[in-house]
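Working notes, structure below.
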Ligand SMILES: CC(C)(COP(=O)(O)OP(=O)(O)OC[C@H]1O[C@@H](n2cnc3c(N)ncnc32)[C@H](O)[C@@H]1OP(=O)(O)O)[C@@H](O)C(=O)NCCC(=O)NCCS
C-alpha cells in the first residue's frame, strides 16, 4: 500500500541538458514489447554484466506478469512513446532484509550523458526514503560499469566493499565487484502524506 502511495506522483516530465523532455513513470503491463525492444538496443558489452538475461522474451514476460511493487519497483523513462531507460529498486520478501534495497539502472546509449541515469537513481533514492528503507546499494563491476559507479558516487553512494574476482568478463577474466551504499536518513525528508 505504501508503495502505491509513493508512486502516486508519477507520471512526471523532466527536461534534461540534451534539450529533450522525458516522461518517467512506473512500468506497466502494456510495456512488454516496448521494454523488450529497449533491451535489444543495449550493447552486448553492457548487457553482459547485467544480472538478468534481459533480451530473453520470457524474462521480460515474467517481470511484467509478476509485477509486484512490494518486491520490485520499476520506473521507465520514455522519449515520446519509446522506452529509453529502465531503473529498478529490488527488495527482499524476508523481514530480516526488507530494510535494504538494491538499485539497477540501464539507459539507451543514444540518451546517455544527459543526466537521465542520475535522475532515475535520484527518483529511486526518493522512493527508498518514502518506503522508509534504511539503505540502498548497487553491485557494480569495477571499470566495466564505471559510468554507473560515477553516477552513484555523484549522488552520495560510497564504496563499502570490493568483492575480488566475483565476476567473469566476456573473455573469462575475473573482475572485481564493487558494492556501493547510501544510507537513507529518515529525518531528511518530511513526507507529504
Ligand atoms: C550507467 C548509466 C545508466 C548512466 O546513464 P546516463 O544517462 O548516461 O547517466 P548520466 O548522464 O547521469 O551520467 C552518469 C555518469 O556517467 C558518466 N558519463 C555519462 N555520459 C558520459 C559521456 N558521454 N562521457 C563521459 N562520461 C559519461 C559520467 O561519469 C556521469 O557522471 P557525471 O554526470 O557526474 O559526470 C548508463 O551508462 C548505462 O546504462 N550503462 C550500462 C548499464 C549499466 O552499467 N548499469 C549499471 C548496472 S545496474
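All of the numbers you see were taken from the coordinates with simple rules; none came from a lab. Everything numeric here is computed off the predicted structure, so don't read it as measured data. So basically every Cβ, Gly included, is an ideal-geometry build from the backbone, and we count neighbours across all protein chains shown.
Apply 1/(1 + (r/R0)^6) to the Cβ-Cβ distance of residue 1 and residue 143, taking R0 = 35 Å, and write down the FRET efficiency to the nearest 0.05. Don't jump to the answer; show the numbers that get you there.
Values: r = 41 Å, r/R0 = 1.18.
The value I calculate is 0.25.
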*asked:* I need to check one value: relative contact order of the chain, counting alpha carbon pairs closer than 8 Å and at least 6 residues apart, in percent.
replied: 17
*Prolate/oblate/rounded call for the chain, Cα gyration tensor, a/c under 1.5 rounded*: rounded
*Segment residue 132-residue 56, length gained on full extension (0.36 nm per residue, minus Cα span)*: 24.0 nm
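Please give the length that would be gained between residue 16 and residue 32 if that part of the chain were fully extended, namely 0.36 nm times their separation in residues minus their C-alpha to C-alpha distance (nm, one decimal). Don't jump to the answer; show the numbers that get you there.
Working: separation 16, 0.36 × 16 = 5.76 nm, distance 2.59 nm.
Result: 3.2 nm gained on full extension.
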*How much length is gained if the chain between residue 158 and residue 176 is pulled fully straight, taking 0.36 nm per residue apart and subtracting their Cα-Cα distance, in nm to one decimal?*
4.9 nm
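Quick check on the stretch 45-151: take the gyration tensor over C-alpha atoms, sort the square-rooted eigenvalues as a ≥ b ≥ c, and tell me if it's rounded (a/c under 1.5), prolate or oblate.
Numbers: a/c = 1.44, a/b = 1.24, b/c = 1.16.
Since a/c stays below 1.5, the shape of the stretch 45-151 is classed as rounded.
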*Rounded to the nearest 5, what is the percent of antiparallel bridges among the DSSP beta bridges in the stretch 23-163?*
85
*Between residue 23 and residue 169, how many nm apart are label points set 7 Å from Cα along the C-beta direction?*
4.0
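In what sequence do 24, 67, 12 fall when counting other Cβ within 10 Å, fewest first?
Numbers: 24 20, 67 15, 12 12.
Sorted ascending by nearby Cβ count, the order is 12, 67, 24.
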